[in-house]
1. Relative to 2.2 N^0.38 Å, what does the C-alpha radius of gyration of the stretch 21-116 come to as a ratio? Two decimals please.
2. Could you give the Stokes-Einstein D for the stretch 31-85 in µm² per second, using the C-alpha Kirkwood radius, 37 °C, 0.692 mPa s?
3. For the stretch 1-65, treating each Cα as an identical point scatterer without solvent, what Debye log10 I(q)/I(0) comes out at q = 0.12, 0.20, 0.26 1/Å?
4. Would you mind telling me the share, in percent, of accessible area of the stretch 12-123 contributed by carbon and sulfur at probe 1.4 angstrom?
5. Residues of the stretch 58-82 with backbone nitrogen within less than 19 Å of a virtual label 7 Å along the Cα-to-Cβ line of Ile140, please, listed as ranges.
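The values are calculated or read from the model by the stated rules, or taken from the named source; none is laboratory data. Remember, predicted model here, so these are calculated numbers, not experimental data. When we count neighbours, we look across all protein chains shown, and the Cβ atoms used for this are built from the backbone with ideal geometry, even at glycine. Remember, those area values only see protein heavy atoms, side chains included, never the ligands or the DNA or RNA. Shrake-Rupley method; radii C 1.70, N 1.55, O 1.52, S 1.80 Å.
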Amino acid sequence: MSFSPANITALVVAASFAAGLNIYATVLTLGLLARTQWVALPPGLDSLGHTWVLVVCGIMFAIEFVADKIPGFDVIWNALHTVVRIPVAALVAYHASSQLSPQMQVLATAIGASVALAAHGSKTALRAAVTPSPEPISNIALSTTEDAAAIGLTWFATHHPFIAASIAVICLGAAVLAARALLRAIQKPLRWLLGTDLEETKTPIEPTP
């Protein structure tokens, strides 16, 4: 791929969306591509091919692969990763745009952080809505789809950045709508339960003489 500002921005958008889903899978994929030189990446991403980066991301990806599929614990895991996915996605965007002007690099970093935050927030909301379901299949299927999407979209972004960025934007919009719909669907049962609990715990107030 050519390293024009437009191509780098599209790569940042797609990779940041993937990072919001699974930061370890995204960095591991970029690192392997950089290490094997399978595809030309922006020079700032060469450091992702270092052995220690690949080892750490590989181990963390294996841990997340299991942890993210356990109902209930996945919500906690994703909430804790708010302080991991967004900053690391911003750092990747910063290095990917290192050959651009300082102003463009700051803008690319802000775009990367914003897209990762939106993807991460939508993912967390979806998990919070799906977790109350009694069966674990939905959590496992959703997590596996996210893992595959993170790897596939990152790889695709290095070959066809504009198409990958368009896919990321469409998926992000769909995820936001789905999260809102699911959260609204569980609001009524939760309100009914909370209302019942409140009614049960209410005690009459004795009038003062």
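1. On the way: Rg = 14.3 Å, N = 96, 2.2 N^0.38 = 12.5 Å.
Against the empirical 2.2 N^0.38 Å value, I get 1.15 for the stretch 21-116.
2. Working: Rh = 12.8 Å.
The calculation lands on 256 µm²/s.
3. Debye intensities relative to I(0), on a log10 scale: -0.30, -0.79, -1.16.
4. Working: 3740 of 4800 Å².
With neighbouring chains kept in place, the figure for the stretch 12-123 is 78 percent.
5. Residues 62-75 fall inside that zone.
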